[in-house]
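Remarks on the structure that follows.
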Amino acid sequence: MIALHDRKACTGCTACAAVCPVQCIQMIPDEEGFLYPVVDTETCIHCGRCEQVCPVSAKREEKSFPQEAYVLQHRDEDVRHESTSGGAFSAIAEWIIGQGGVVFGAAFTDDFTVIHTAVVEKKDLWKFRNSKYVQSDVGRTYEEAAACLSQGRWVCYSGTPCQIEGLAAYLGKPYERLITVDIVCHGVPSPLIWRKYLEMQDGKLGSYAGIRFRDKYYGYKYSTLSFFDRVGKTIYAHGIDTDQMIRAFFSDICDRPSCYHCPFKKRYRVSDFTLWDCFDVFLYDRRMDDDRGTSSVLIHTDKGRQVFSEVKKQARCRQVSPDLLTSCAKEMFHSVSPNPRRGAFFEDARHLSGQELFDRYFPETARVRCARFLRVSMYRLGIYAPVKRVVTRVKRIRRRQRQA
Ligand SMILES: Cc1cc2nc3c(=O)[nH]c(=O)nc-3n(C[C@H](O)[C@H](O)[C@H](O)COP(=O)(O)OP(=O)(O)OC[C@H]3O[C@@H](n4cnc5c(N)ncnc54)[C@H](O)[C@@H]3O)c2cc1C
């Protein structure tokens, strides 16, 4: 019977619940809103499978192997616009659907809860596009993916590194027609804090029909958390400086406890593909630096390489050095550190309204307003991207000097 010896280590991947032969494990939210396994001791048969499958306790040693790396932009500009970076995920998913396959990913429900679900048609892939900075509930999708694989169908399963490790552990063997896609993950915020934020926005915005965490309203390099009305008109677009949820995300105040010492921050992974942002594409190809989004793609397997040889027909891409590409991805290797005010933040979340909570921890001060004014003005003057390029180059030179 799975025992949470170290609650801080559990990533909530659900492999234990999925593998249980008598289905006596349920994933129940704790007081911070994160799901944890809870065992019904009456029905448990003590088979031990839940403990064996846990990818955290059975952590594999990281071994190096040959990899390929690319920077990629989807050819369809609408797909690229809806995607977080360059639309690499969509290009892979479209190929799977073209084979009659099933794609699993993280989507919003009607009330903007984030869950994992499946789609079989290309027209539905928009649901998965764009990062949702909230821990997704994978529900029973591991079992559903296994069922599709046993029917001989192609399956693409995308998620955070812990979700992909959980799926691999649950499946327990390789499948020829399974493609797994993970991301470089900063950390996953609490669904309860997301709900508090939505409660606040309900009061401010009234009704809305769509949300994008990483909208390119201004451009890729200054993406915004945007809300849309029924006809797709933007009714709110605030970025890293003034949106209170994005500020909470980047201040590391509401991540799952396991994110602060994530065991899956590494270069050599169990997935076929790892995707992340490429803000500094000008380092590889100046012509690709159009501020509309570029994905970094790291391929870990032969199967991934074969699939990518088809996928890249839908994209503009350039092969780059895996060493160089991964050297720019700090979040691939390092867990974030907990904000010292994390405990107080969750304590206050119990009794404050969303508005009171976010205004207490992330107030809109004159400094915050100035930062936004500066960024937006730089964008309007067309100097944001060039300034960012210079800053990136200076940072790289400084980093090299420190390393030397
Ligand atoms: C929580 C989170 C943290 C991230 N942190 C970083 C980071 O620190 N640095 C960095 O460079 N990139 C980070 N990324 C990855 C980045 O935002 C893009 O997802 C990546 O560049 C791929 O973009 P794309 O345009 O190819 O795909 P997109 O069209 O953006 O597709 C997104 C894919 O991510 C999956 N996804 C979205 N939200 C979730 C979620 N909540 N849980 C699990 N899977 C999800 C979808 O199923 C889909 O497969 C993060 C993503 C998430 C979800």
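The values are calculated or read from the model by the stated rules, or taken from the named source; none is laboratory data. Computed from a predicted model, the values in this text were never measured in an experiment. Heads up, the Cβs are rebuilt from the backbone with ideal geometry, glycines too, and the neighbour counts pull from every protein chain shown. For accessibility, only protein heavy atoms count, side chains too; no ligands or nucleic acids. Shrake-Rupley method; radii C 1.70, N 1.55, O 1.52, S 1.80 Å.
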Query raised in the report: What number of residues in segment 37-48 are touching a residue at least 24 places away in the same chain (Cβ under 8 Å) and surrounded by 15 or more Cβ atoms within 10 Å (Cβ to Cβ)?
Result: 3
Query raised in the report: What residue, of T274, T242, is open to solvent by less than 30 Å² (accessible area, probe 1.4 Å), part of a loop (DSSP other than H, G, I, E, B) and either closer than 26 Å to R396 by Cα or modelled with pLDDT under 95 (or both)?
Result: T242
**Report entry** Residue, nearest to the ligand (Cβ to nearest atom), within segment 139-159, restricted to residues that are under 18 Å from I96 (Cβ atoms) and in a loop (DSSP other than H, G, I, E, B)
**Finding:** W154
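Looking at segment 292-335 only, could you name the residues that are of a type in the set (S, T, N, Q) and not in a helix (DSSP H, G or I)?
Selection gives T294, S295, S296, T301, Q319, S321, S335.
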Query raised in the report: Residue check: is S295 within 14 Å of the ligand (Cβ to nearest atom) and free of Cβ contacts under 8 Å to residues at least 60 places away in the same chain?
Result: no
**Report entry** Cβ pairs under 9 Å, 6+ apart, first in segment 168-189 and within 13 Å of I96 (Cα to Cα) and assigned by TED's automatic domain parsing to the domain that holds S295, second charged (D, E, K, R) and open to solvent by less than 30 Å² (accessible area, probe 1.4 Å)
**Finding:** L178/D272; I179/D272; T180/R269; T180/D272; V181/D272
Report task. For segment 175-215, enumerate the residues that are within 13 Å of the ligand (Cβ to nearest atom) and open to solvent by 40 Å² or more (accessible area, probe 1.4 Å). Result -> I183, P191, R212
Requested in this report: Scan (1) over 30 Å from Y361 (Cβ atoms); (2) within 10 Å of the ligand (Cβ to nearest atom) for the single condition A168 breaks and write down its number.
Outcome: (2)
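Kindly indicate which of D6, D30 is more than 22 Å from the chain's Cα centre (by Cα) and open to solvent by 20 Å² or more (accessible area, probe 1.4 Å). Walk me through how you get there before you give the answer.
On the way: D30 fails: more than 22 Å from the chain's Cα centre (by Cα).
Every option except D6 fails the conditions.
Here are some residues: L352, L357, L325. Which one is crowded, with 17+ Cβ neighbours inside 10 Å and touching a helix residue (DSSP H, G or I) at 6+ places or on another chain (Cβ under 8 Å)? Reasoning before the result, please.
Values: L352 fails: crowded, with 17+ Cβ neighbours inside 10 Å; L325 fails: touching a helix residue (DSSP H, G or I) at 6+ places or on another chain (Cβ under 8 Å).
Selected residue: L357, the only one of L352, L357, L325 that is crowded, with 17+ Cβ neighbours inside 10 Å and touching a helix residue (DSSP H, G or I) at 6+ places or on another chain (Cβ under 8 Å).
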Report task. Return yes or no: is F249 under 23 Å from D215 (Cβ atoms), within 11 Å of the ligand (Cβ to nearest atom), open to solvent by 10 Å² or more (accessible area, probe 1.4 Å) and not charged (D, E, K, R)? Result -> no
Requested in this report: Counting only residues that are modelled with pLDDT under 90 and of a type in the set (D, E, K, R), give me the helices (runs of 4 or more DSSP H) lying completely in segment 336-404 with at least 1 of them.
Outcome: 366-380, 384-403
